[in-house]
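Reading through the structure tokens given below for one structure.
The values are calculated or read from the model by the stated rules, or taken from the named source; none is laboratory data. Computed from a predicted model, the values in this text were never measured in an experiment. Note: ideal-geometry Cβ built from the backbone for every residue, glycine included; neighbour counts use all protein chains shown. All accessible areas refer to the heavy atoms of the entire protein, side chains included, with ligands and DNA or RNA removed. Shrake-Rupley method; radii C 1.70, N 1.55, O 1.52, S 1.80 Å.
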Amino acid sequence: MSVAGAGTAELTPEQLAEVRRLQGLYPDKRAALLPVLQLAQDACGYISLETEAYVARLFDLSPAHVHEVVTFYTLFFREPKGRHVISVCHNLTCHLLGAEDAIAHLKARLGVEVGGTTKDGRVTLLSVECLCACEMAPMMQVDDRYEGPLTPETIDRILEGLQ
Amino acid sequence: MRERLLTGNFHLPQSHTLRVYRETGGYAGLEKAFALPPAAITEEVKKSNLRGLGGAGFPTGIKWGFIPKGHQGPIYLVINADEGEPGTFKDRYLLEKDPHSLIEGMIISAYAIGAHVAFIYVRGEYVRPWRILRQAVEEAYAAGFLGRNILGSGFDLDVVIHRGAGAYICGEETGLISSLEGKKGWPKLKPPFPAVRGAFGAPTIVNNVETICHVPHIMRRGAEWFAGLGTNTQGGTRMYSVSGHVVRPGVYELPVSVTLRTLIYEHAGGLPNGRGLKAVVPGGSSAAILRAGEIDVTMDVDGLKNAGTMAGSAGVIVMDDTVSIPEALMVVARFYAHESCGQCTPCRESTGWIFKMAKRIVEGKGRKEDLDTILDVARRGAGTTICAFYDGAVGPYISYIEKFREEFEALIPRA
Amino acid sequence: MPKLTIDGRESEVPEGTGVIEAARRLGIEVPHYCYHPGLSIAGQCRLCMVEIGNNPRPQIACNTQVVEGMVVRTETPKVLETRQAIMEFHLINHPLDCPVCDQAGECWLQIYYMKHGLYEPRMVDEKVHKPKAVPLGPHVILDAERCILCSRCVRFCDEITGTGELGIFQRGDHSEIGLFPGRELANPYSGNVVDICPVGALTDRDFRFAVRVWYLETAKSICPGCSRGCNIAVHSNLRRPHHDGGRRVARLKPRYHAEVNRWWICDAGRYGYKFVDDPSRVRFPTRGRGDAAAEVGWDEIVPLIAGQLRRYQPGEIGVLASPQMANEDLFLLRRLVDHLGLAHVDFRVPPSRPGDEDRILIKADKNPNRRGAELIGLGPRDGGLDARGMLRAARERRIKCLWVFHHDLLASAWPEGEIREALESLECLLFQGSNGNGVRLLAHYVLPSAAWVEREGTFTNFEGRVQRFWKAVEPLGAARADWEIVARIGEALGLSFMPDTGEDCFKALAATVPAFAGLSYRELRDTGRLVWDCAGRGPA
């Protein structure tokens, strides 16, 4: 998704072809809304209001109905995020096995609060509900990967690998 | 010898590939299935006593039987791979290590119910499982297991993998359908039930990953054999996700007649560091908690029901004697407050309220009436909502306080 | 048709009826917030719980369809306890700001708390905070903290207008209704969301802080804004006029009519009553043109006008009635026209631009009674001139006296200069209307008409339905219903029929005009009667 001037967000012809392919997979094209929002977010890093309005037009939906969807799901980012996203599970098993310590360690190392992004734009730190990898608790998701069990040492090693 | 139907291939290198799956007898159940009329498969599944392994434990064959007879028009099969119940991770293993067993199960199940399109709803955070599954689906298409005229049977099936975007409620079957339709994951009013009017207005069967992975085994080895592995009311094995304070956390495939004690102490190696057991959540976070003395129960749907809790998703969370139950309740209450979809008033309003009370208690600012308020609010809200989410939250709210009340009271300042 | 029993009473209802509607037919109100008969079933508020058969758990009555032999109980201890619990859930995060809330007095949180709540409050924690006093559009303002998320407004915009402006964003107890950022709620029916909002979340900017609802009087009425004839209620503020700058009509609300407007009205109609208390109102009869105009009493002006009408030959007089006038007015005018033997009569003046129309309620014809004027026969008689012809004849000084009812001819589709010249050419221009306009400024005599809320009467809508409207407030100044004015002038001219009331006019109308045969005010009741089959172009 290229951002051509303030407030506009448009897909490339190739991406639009993918949108049409996704819409064609379902009996009702609206069903492709989540995949298309995922596509837009992958292209743009986050989903701006302009993107929401643009996607609404692709689906003949009112922008309010796209906004409902974007604000409902936790994996849609409504603001620019860091180059990497760390989501630490703070649910029951991870809590029992030290999620709070892991979060405290990450906060100290990154110098951000939960929900914040490092000044250099490298990492956004989040705490999330169960990622369903309790066997590796305490654990976190780093971009696409699951990492755990977390110790100060494993966390430091993972952080070193993030550019 | 211990039967390992679902996890038998997990140890093999490249277990997720079509090659390994076929070498170990994969897709043999499919050929058997195509030799039968669809209704006979549903009958087999009924006889097998296979029950839904996502959480509700509903008999699978009976669910399939709810599709209106003689229905004209599309019917959909939807696989619930939106694993989200805290303490549960079995479906992730199946998707990563044996995706073809899911695909084979889907083909047989779709054939049985008359579906020609199947959707697999994979939770959005599961990126690696999704990639592996996608690859497996491509392999299956290339080998003629999906698409037109599968194995010359005349049966067609297309599979669409649909990724979620982060919402626990989409694991609820009608919330999942809403999400699949491109909406917020708000559960739908019942009636109509999905088997009558589900996804895109068509009859729809939603089944959990593990449930469907069992189907090829039922086909290969027969319903009676499968039923014989379990109890009178629940056939087969199931995958227990064990986590928390145990020596060997992980997935254990066992007959449902296994006891919780055996699962924790024999299979998962007991508690580490010589600590004593305080409590266990036996079926994912929505199951009522059990005290250390209550673990001599069998892990089937009815065994745990009789113990006042539930088998749920078979996520077993073990807590040693250092755990603060009030803190655990606060963590669990935060989860339900965060994941309530907001549709029904009792759930929307009271999950947040109960979290605030639980947090206040942990922070030493509890009031003596708080505990009874939580219990009363939970009891009065139970059963009043569209879906079972709130009833799931009520499980821990009530059981944590009732079973460990003195721990809560110790945190509340005396007036 | 399945039979069922509700609270021990048997009833038979059509297949597919919801339990909540079946109960309503028996006069049993099952409390509810999200259910609305004009919208899809949401089942979100969970308040309409009833016990059905032996089902151990109460069920929602809105989404349960009646089946043969069903036994429903709406007042069992379990139901009452559940209701009370649900009321508490609805209120724990509510700001309880009734003293500054416009909805107070007609708020279903207040009403149901008193009926079904009455628990000891136990919420001591910080409530969830959400946006307050957010204007959503020209007419509607939102307080998201008061919102109980029943989704009626969202469904209205999705299902009735199809505009989809509103949504419920976020989730859990942070869920809130709202607009897509930067958009407005400005569809032509936006005011209806205020009506269907059961609480004080959506309030009317026009009514905001104007009057407490318990000071309002209600009169049944018909919207005069177009030929649809939407049924409305006029809410007037007679007891505390100083609370609203002397404005007597406080607001209009839709009144349910199954065939005409269901539960809705358009914004143009809802807010179109401002002329009633506008400074442009004509309050007293005047004689003399422009600066020379002087207020006079009825006793003085009636003989003067009668004298003018007597002075000219019938062929020199034109009468331009208005489709804004009620059937009663038009009937009496027709009597007078016949009595005087006038032929140049019409009521049709094309508007300066065509009116908007849609497939919901709004009709292009912005007059409430064109069909009535047609049926009563206010068109040219015996080769007489139509409206345009009369004005041409006025320019040529063939028509010397013109009696214009309500029309602002200078703001019509016709060339203003030509019309002005015509009006200025007249020896005698009579203007009769409720509000001043360009014609009034040129008139030699002005007669003040009561506005529709200041009198009773009937309109015949586009499909031929005759509907009554009732008097809500007294006429301003010396204004009178058009028929009363016509009657007084007719009396001075020897017209024998002298009605005392609007109902007398209507009786005579029913006895004279075939389309209205057999009708009476009693017969019309609240729902009116279809008298004309528009498709068949004949009596219904």
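So which of C:321, C:268, C:343 ends up being open to solvent by 30 Å² or more (accessible area, probe 1.4 Å) and not basic (Lys, Arg)?
Numbers: C:321 fails: open to solvent by 30 Å² or more (accessible area, probe 1.4 Å); C:343 fails: open to solvent by 30 Å² or more (accessible area, probe 1.4 Å).
Result of the check over C:321, C:268, C:343: C:268.
Taken over the stretch C:97-122, residues that are more than 30 Å from residue C:184 (Cα to Cα), in a loop (DSSP other than H, G, I, E, B) and open to solvent by less than 40 Å² (accessible area, probe 1.4 Å) amount to 1.
Kindly indicate the residue of the stretch A:22-54 that is more than 11 Å from every other protein chain (Cβ to nearest Cβ) and not acidic (Asp, Glu) and also most open to solvent (accessible area, probe 1.4 Å) among those meeting that condition.
Taking the stretch A:22-54 as the starting set, the residues that turn out to be more than 11 Å from every other protein chain (Cβ to nearest Cβ) are A:40, A:42-46, A:51, A:54.
Now drop any that are not not acidic (Asp, Glu), which leaves A:40, A:43-46, A:51, A:54.
Details: A:40: 1, A:43: 39, A:44: 35, A:45: 24, A:46: 59, A:51: 0, A:54: 24 Å².
Checking each candidate, the answer is A:46.
For the stretch A:57-76, the criterion of being within 14 Å of chain C (Cβ to nearest Cβ), among the hydrophobic types (A, V, I, L, M, F, W, C) and open to solvent by 20 Å² or more (accessible area, probe 1.4 Å) is met by at least one residue.
Criterion applied to A:113, A:129, A:100 was being within 13 Å of chain B (Cβ to nearest Cβ), surrounded by fewer than 18 Cβ atoms within 10 Å (Cβ to Cβ) and either at pLDDT 95 or above or within 24 Å of residue A:37 (Cα to Cα) (or both), and the one residue passing it is A:100. Being over 21 Å from the mean Cα position of the chain (by Cα), in contact (Cβ under 8 Å) with a residue 40 or more places away in the chain and open to solvent by 20 Å² or more (accessible area, probe 1.4 Å) is a property that does not hold for residue A:84. Being surrounded by 12 or more Cβ atoms within 10 Å (Cβ to Cβ) and acidic (Asp, Glu) is the filter; apply it to the stretch A:1-21 and report the residue that is modelled with the highest pLDDT. Looking at the filtered set, the residue picked out is A:18.
Residue count for the stretch C:302-339 satisfying the condition of being assigned to a helix (DSSP H, G or I) and more than 33 Å from the chain's Cα centre (by Cα): 13. Looking at the stretch B:57-87 only, could you name the residues that are buried (at least 16 other Cβ atoms within 10 Å of the Cβ), within 12 Å of chain A (Cβ to nearest Cβ) and out of contact with any Leu (no Cβ under 8 Å at 6 or more places or on another chain)? B:74, B:75, B:76, B:83, B:84, B:85, listed by residue number. Report yes if residue C:381 is closer than 25 Å to residue C:280 by Cα, among the basic types (Lys, Arg), within 36 Å of the chain's Cα centre (by Cα) and open to solvent by 50 Å² or more (accessible area, probe 1.4 Å), otherwise no. Here the answer is no, as residue C:381 does not meet what is asked.
Any residue at all in the stretch C:220-232 that is buried (at least 18 other Cβ atoms within 10 Å of the Cβ) and free of Cβ contacts under 8 Å to residues at least 40 places away in the same chain? Scanning the stretch C:220-232 turns up at least one residue that is buried (at least 18 other Cβ atoms within 10 Å of the Cβ) and free of Cβ contacts under 8 Å to residues at least 40 places away in the same chain.
Selection within the stretch B:281-296: residues that are within 13 Å of residue B:404 (Cβ to Cβ) and of a type outside the set (Gly, Ala, Ser). The member of this set that is most open to solvent (accessible area, probe 1.4 Å) is B:291.
Going through the stretch B:34-46 one residue at a time, which ones are part of a helix (DSSP H, G or I) and over 30 Å from residue B:288 (Cα atoms)? Passing the criteria: B:34, B:38, B:39, B:40, B:41, B:42, B:43, B:44.
Please tell me if residue B:365 is within 14 Å of chain C (Cβ to nearest Cβ), open to solvent by 10 Å² or more (accessible area, probe 1.4 Å) and not small (Gly, Ala, Ser). Yes. Against the definition (farther than 20 Å from residue B:286 by Cα and modelled with pLDDT under 95), how does residue B:360 come out, yes or no? It is false that residue B:360 is farther than 20 Å from residue B:286 by Cα and modelled with pLDDT under 95. What tally of residues in the stretch B:350-359 results from selecting those that are open to solvent by 10 Å² or more (accessible area, probe 1.4 Å) and either among the basic types (Lys, Arg) or at the interface with another protein chain (Cβ under 7 Å from one of its Cβ atoms) (or both)? The qualifying residues number 2.
Would you list the strands (runs of 3 or more DSSP E) that sit entirely within the stretch C:136-225 and hold 2 or more residues that are more than 30 Å from residue C:524 (Cβ to Cβ)?
Details: elements: C:140-142, C:166-169, C:176-179, C:202-204, C:216-222.
By residue number, C:140-142, C:166-169, C:176-179, C:202-204.
Note on the stretch C:15-37: residues that are part of a loop (DSSP other than H, G, I, E, B) and open to solvent by less than 10 Å² (accessible area, probe 1.4 Å) total 4.
Report whether or not residue B:316 is open to solvent by 10 Å² or more (accessible area, probe 1.4 Å), over 30 Å from residue C:48 (Cα atoms) and more than 9 Å from chain C (Cβ to nearest Cβ). Spell out the reasoning first.
Details: open to solvent by 10 Å² or more (accessible area, probe 1.4 Å): no; over 30 Å from residue C:48 (Cα atoms): yes; more than 9 Å from chain C (Cβ to nearest Cβ): yes.
So residue B:316 does not fit the description; no.
As for the stretch B:297-310, it holds at least one residue that is open to solvent by 30 Å² or more (accessible area, probe 1.4 Å) and of a type in the set (A, V, I, L, M).
Has the stretch A:77-94 got any residue that is within 12 Å of chain C (Cβ to nearest Cβ), part of a loop (DSSP other than H, G, I, E, B) and in contact with a helix residue (DSSP H, G or I) (Cβ under 9 Å, 6 or more places away or on another chain)? For the stretch A:77-94, residues within 12 Å of chain C (Cβ to nearest Cβ), part of a loop (DSSP other than H, G, I, E, B) and in contact with a helix residue (DSSP H, G or I) (Cβ under 9 Å, 6 or more places away or on another chain): present.
Put simply, of C:144, C:133 the only residue that is more than 23 Å from residue A:62 (Cα to Cα), open to solvent by less than 60 Å² (accessible area, probe 1.4 Å) and of a type in the set (Gly, Ala, Ser) is C:133.
Filter the stretch A:116-126 for residues that are polar (S, T, N, Q) and part of a strand (DSSP E or B); which is surrounded by the fewest Cβ atoms within 10 Å (Cβ to Cβ)? Among those residues, the one meeting the criterion is A:117.
With respect to the conditions (1) crowded, with 16+ Cβ neighbours inside 10 Å; (2) at pLDDT 95 or above, residue C:241 lacks only one, and its number is (2). When C:210, C:186 are screened for being more than 28 Å from residue B:335 (Cα to Cα), small (Gly, Ala, Ser) and at pLDDT 95 or above, only C:186 passes. Taking the criterion of being open to solvent by 10 Å² or more (accessible area, probe 1.4 Å) and on the phi < 0 side of the Ramachandran plot, the residues of the stretch C:43-61 that qualify are C:51, C:52, C:54, C:55, C:56, C:57, C:58, C:59, C:60. Here C:67, C:30, C:79, C:100 are screened, and the one residue that is of a type in the set (A, V, I, L, M, F, W, C), over 25 Å from residue C:131 (Cβ atoms) and away from every other protein chain (no Cβ under 13 Å) is C:30. Quickly run through the stretch C:248-297 and pick out the residues that are of a type in the set (Gly, Ala, Ser) and over 29 Å from residue C:530 (Cβ atoms). Correct list: C:250, C:280, C:288, C:290, C:292, C:293, C:294, C:297.
Condition first: open to solvent by less than 20 Å² (accessible area, probe 1.4 Å), part of a helix (DSSP H, G or I) and either within 11 Å of chain B (Cβ to nearest Cβ) or over 21 Å from residue B:243 (Cβ atoms) (or both). Now tell me which residues in the stretch A:132-163 satisfy that. Before you say what the answer is, go through the steps one by one.
Start the filter on the stretch A:132-163 by keeping residues that are open to solvent by less than 20 Å² (accessible area, probe 1.4 Å), which leaves A:132-134, A:137-142, A:150, A:155, A:159, A:162.
Remaining after also requiring part of a helix (DSSP H, G or I): A:134, A:155, A:159.
Of everything in the stretch A:132-163, those that are open to solvent by less than 20 Å² (accessible area, probe 1.4 Å), part of a helix (DSSP H, G or I) and either within 11 Å of chain B (Cβ to nearest Cβ) or over 21 Å from residue B:243 (Cβ atoms) (or both) turn out to be A:134, A:159.
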